[in-house]
Amino acid sequence: MKISATTCALSSALALALVACGGGGASAPVDGTSGPSAAPTTSSSGAITAFGSVFVNGHEYGTAGAQVVDDDTGATDNRVSALEVGQVVDVDPASTSTATAPVARLLHVHPLVRGDVDAWDATGNTLTIMGQLVSLDSATLFSDHRACVSAATNPCTPISDASGLALTTASGGTTTPGSWVSVDGYLFNSGSGAANVVATLVAVHDAPTGNAGANYKVEGVVTTTSATASSAAITIGGLQIDLGAATCRVNGKAIACAGAFAAGDVVSAFAPTAPALPAASFSPTVVLERHHLPVQTVGASVEFDGSVSSFTAASGSAAASFVVRGVQVDTSALPAGTSVPAVGDLVSIVGTVSSDGLSVAATSIRILRAARNVSYGFIGDDTGVAAGSTSGTFTLTVLGQSIVVSAQTRLADRSSHHWFDMDPQTNPFNISTFQTYLAASASQHLAVTAAKDSAGILQALSVTIVPASTVSEIAGPVDASPAPVAGTGGTPATFSIDGVPVSAAVAAIAFRHHGGSAIAAGDEVLAAGTYAGGTLTVGATRSFGNFVIDSGASTGHDVPLF
């Protein structure tokens with residue numbers, strides 16, 4: 001039995017991508033540590049989690065006098081309100097910044113990819129854009145800025161997950177571009193076939209018009225170079241970049257493109273016009289060398305987050321080390337007993353720039369989310385918010401589940417089609433306003449992604465206010481107890497996900513794995529229906545808000561459920 005493509009494409013915001021590929025998602029630390037490190041007087045780089053000022057790496061930076069710098073175009077303005085939750089920014093602290101009162105002077109923005117979506121792999125939960133393999137994880141947010149979303153007549157449905165994106169198609173000699181998106185996130189490359197980017201935000205826009213700016217862009221680690229007397233080229237991910245017509249800059253200075261870049265360098269390449277699609281080659285107008293770190297001054301303190309792409313165990317006198325965003329992190333200066341991460345873990349690093357200006361001697365590591373933590377998704381009404389057990393946290397109840405919300409949970413209000421016209425600084429949704437904001441919201445319907453910490457407590461990765469609805473959803477692995485019961489005929493199938501009972505008519509169940517005929521313990525399942533009396537009920541007629549999708553046995557970490 002198969003669910004229709006239309007129903008899959010409309011499986012709503014909970015198709016929220018509980019994914020393979022590891023990493024991703026801001027949450028309370030899973031290694032037992034608590035709270036952000038006291039590092040706001042250093043340069044800090046990370047995803048924005050909330051506003052009312054700007055929250056980055058668990059710090060609330062004052063932004064009253066801050067400037068936003070577009071590192072691609074050089075444009076500078078004070079439009080902090082134009083930033084979004086999920087965008088990765090580099091924060092330069094002001095001279096007045098302190099550990100207790102962080103203040104931002106500059107907020108640098110530089111999305112890693114801009115271009116048309118060529119492909120989506122639902123199994124691996126990856127997008128292909130500008131030749132880059134972009135991994136979507138449990139805390140990846142989507143935002144839709146297309147004009148049709150807020151149109152007075154015939155408004156379109158906002159895209160809230162990868163299933164709503166258009167893909168590049170070719171027919172009869174005509175190529176139709178896929179959705180145009182801008183992707184923020186972290187560089188990630190652990191070998192052949194691995195994702196190039198772990199996305200924190202996928203922002204959908206109308207296709208750009210005009211030939212100005214950096215409409216099409218790729219930023220990443222150079223894997224190969226080639227040069228002859230008449231041409232030069234580099235490769236980033238799956239994109240061959242011809243430097244023949246480009247202006248190349250290293251350390252801010254124009255330089256001959258032949259020999260300008262080496263394998264391992266982080267480089268941005270952009271142009272005002274699109275490459276031939278699907279993008280395999282690109283002729284940019286400008287190519288820039290980028291810093292691996294927000295600051296590369298030897299001895300400087302830095303703070304940044306990202307997903308671990310490789311790990312080297314301690315050997316002899318050499319301490320363990322790992323790579324985050326292409327930066328080698330040395331663990332020799334860490335306090336005894338500090339947990340070291342594994343490949344795919346999302347971590348926050350505080351450290352000192354080493355003598356090469358490219359690596360970091362870590363003084364603090366927080367594992368924000370382990371790669372193999374089981375993730376869950378919930379869509380339903382907020383039925384309670386209470387102060388958490390630790391300062392600066394709240395316990396949120398959705399579908400009867402208690403979920404801890406912290407300063408590192410990504411908070412967004414998408415309840416109105418005009419959400420992007422609001423100033424999140426004048427109407428802030430953050431950890432300080434969390435309870436009062438929800439109480440005052442016209443919609444109490446929430447989409448929540450969460451992962452369990454080492455104590456088995458659900459920690460929120462993201463909380464998004466969505467339009468009010470009677471449809472509720474849950475996603476995650478099926479519990480072993482009580483044992484799932486296969487329904488027959490008019491008898492519904494019953495099972496539970498993290499203790500939430502589900503009663504589903506057999507006709508509404510679709511199996512996305514070979515040979516599936518009954519839901520089993522450990523299967524990754526997405527269920528949508530009506531929540532009442534503590535049970536999610538799924539009727540017999542499959543529709544946008546009434547279905548069950550069984551993706552098969554869990555592989556031990558997140559899997560896509562749409």
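For a quick check of your reading of the model, give me the residue pairs whose first member lies in segment 377-394 and is free of Cβ contacts under 8 Å to residues at least 12 places away in the same chain and under 14 Å from residue 443 (Cα atoms), whose second is charged (D, E, K, R) and in a loop (DSSP other than H, G, I, E, B), with beta-carbon atoms closer than 6 Å and at least 6 apart or on different chains.
Nothing qualifies.
Return only the number of the condition from (1) more than 13 Å from residue 549 (Cα to Cα); (2) surrounded by 21 or more Cβ atoms within 10 Å (Cβ to Cβ) that residue 509 does not satisfy.
Result: residue 509 fails condition (1) only.
Would segment 393-413 turn up any residue that is surrounded by fewer than 19 Cβ atoms within 10 Å (Cβ to Cβ), over 18 Å from residue 455 (Cβ atoms), at pLDDT below 95 and not assigned by TED's automatic domain parsing to the domain that holds residue 496?
no
When both residues are 6+ apart or on different chains and their Cβ atoms are under 8 Å apart, which pairs have a first residue that lies in segment 61-87 and is without any contact (Cβ under 8 Å) to a residue 12 or more places away in the chain and outside the structural domain of residue 422 (by TED's automatic domain parsing), and a second that is surrounded by fewer than 18 Cβ atoms within 10 Å (Cβ to Cβ) and part of a strand (DSSP E or B)?
Partner pairs satisfying both residue conditions: 76/67; 76/70; 77/67.
Does residue 303 fit the bill of being over 18 Å from the mean Cα position of the chain (by Cα), under 27 Å from residue 74 (Cβ atoms) and surrounded by fewer than 23 Cβ atoms within 10 Å (Cβ to Cβ)?
Answer is no for this residue.
Output the number of residues of segment 96-110 satisfying the condition of being in a strand (DSSP E or B) and of a type outside the set (Lys, Arg).
6
Take residue 339 and tell me if it is touching an Asp or Glu at 6+ places or on another chain (Cβ under 6 Å), surrounded by 23 or more Cβ atoms within 10 Å (Cβ to Cβ) and either in the same structural domain as residue 313 (by TED's automatic domain parsing) or not basic (Lys, Arg) (or both).
no
List pairs: first in segment 437-450 and within 13 Å of residue 378 (Cα to Cα) and crowded, with 16+ Cβ neighbours inside 10 Å, second modelled with pLDDT under 95 and among the aromatic types (Phe, Trp, Tyr), Cβ under 9 Å, 6+ apart or cross-chain?
448/376; 449/376; 450/376
Taking the condition part of a strand (DSSP E or B), among the aromatic types (Phe, Trp, Tyr) and touching a residue at least 24 places away in the same chain (Cβ under 8 Å), does residue 429 pass?
In short, no.
What's the number of the only condition in (1) surrounded by 24 or more Cβ atoms within 10 Å (Cβ to Cβ); (2) at pLDDT 90 or above; (3) within 21 Å of the chain's Cα centre (by Cα) that residue 15 fails to meet?
(2) is the only condition that residue 15 fails.
Residue-wise test of (1) more than 23 Å from residue 345 (Cβ to Cβ); (2) surrounded by 24 or more Cβ atoms within 10 Å (Cβ to Cβ).
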residue: 54; (1), (2): yes, yes
residue: 58; (1), (2): no, yes
residue: 73; (1), (2): yes, no
residue: 77; (1), (2): yes, no
residue: 83; (1), (2): yes, no
residue: 92; (1), (2): yes, no
residue: 117; (1), (2): yes, yes
residue: 126; (1), (2): no, yes
residue: 131; (1), (2): yes, yes
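Which ranges mark the strands (runs of 3 or more DSSP E) fully within segment 286-364 that have 1 or more residues being in contact (Cβ under 8 Å) with a residue 60 or more places away in the chain?
So the answer is 286-290, 301-312, 321-324, 346-353.
Quick check on segment 451-479: of everything there that is of a type in the set (A, V, I, L, M) and part of a loop (DSSP other than H, G, I, E, B), which residue is surrounded by the most Cβ atoms within 10 Å (Cβ to Cβ)?
Ranking the qualifying residues of segment 451-479, first place goes to 466.
Looking for something at pLDDT below 90 and closer than 16 Å to residue 293 by Cβ - is there at least one such residue anywhere in segment 329-350?
No, segment 329-350 contains no residue that is at pLDDT below 90 and closer than 16 Å to residue 293 by Cβ.
Looking only at segment 225-243, count every residue that is more than 15 Å from residue 132 (Cα to Cα) and in a strand (DSSP E or B) and tell me the total.
Number satisfying all stated conditions: 6.
Can you tell me which residue is surrounded by the most Cβ atoms within 10 Å (Cβ to Cβ) among those in segment 140-158 that are of a type in the set (A, V, I, L, M, F, W, C) and under 15 Å from the mean Cα position of the chain (by Cα)?
Filtering segment 140-158 for residues of a type in the set (A, V, I, L, M, F, W, C) gives 141-142, 147-149, 151-152, 156.
From what is left, the residues that are under 15 Å from the mean Cα position of the chain (by Cα) are 141-142.
On the way: 141: 29, 142: 25.
Result: 141.
Quick one: residue 210 ticks every box in (1) in a strand (DSSP E or B); (2) over 23 Å from residue 88 (Cβ atoms) except a single one, so which number is it?
With respect to (1) in a strand (DSSP E or B); (2) over 23 Å from residue 88 (Cβ atoms), residue 210 is out only on (1).
Restricting attention to segment 160-202, which residues are of a type in the set (A, V, I, L, M), outside any loop (DSSP other than H, G, I, E, B) and buried (at least 21 other Cβ atoms within 10 Å of the Cβ)?
Listed by number, the residues that qualify are 162, 181, 183, 187, 197, 198, 199, 201, 202.
Those residues that are β-branched (Val, Ile, Thr), touching a Lys or Arg at 6+ places or on another chain (Cβ under 8 Å) and over 15 Å from residue 110 (Cβ atoms), I need them from segment 42-81; list them, please.
The answer is 49, and nothing else.
Please go through segment 306-320 and pick out each residue that is among the hydroxyl-bearing types (Ser, Thr, Tyr) and surrounded by fewer than 20 Cβ atoms within 10 Å (Cβ to Cβ).
310, 312, 315, 317, listed by residue number.
Quick check on segment 418-436: of everything there that is closer than 23 Å to residue 378 by Cβ and among the β-branched types (Val, Ile, Thr), which residue is surrounded by the most Cβ atoms within 10 Å (Cβ to Cβ)?
Of all residues in segment 418-436, those closer than 23 Å to residue 378 by Cβ come to 419, 429-431, 433-436.
From what's left, among the β-branched types (Val, Ile, Thr): 431, 433, 436.
Values: 431: 23, 433: 16, 436: 10.
Selected residue: 431.
Does segment 513-524 include one or more residues that are of a type in the set (Gly, Ala, Ser), closer than 30 Å to residue 441 by Cα and under 29 Å from the mean Cα position of the chain (by Cα)?
Within segment 513-524, not a single residue is of a type in the set (Gly, Ala, Ser), closer than 30 Å to residue 441 by Cα and under 29 Å from the mean Cα position of the chain (by Cα).
The values are calculated or read from the model by the stated rules, or taken from the named source; none is laboratory data. Every value quoted in this text rests on a predicted model; they were computed, and no experiment measured them. We place every Cβ from the backbone using ideal geometry, glycine too, and count neighbours over all the protein chains shown.
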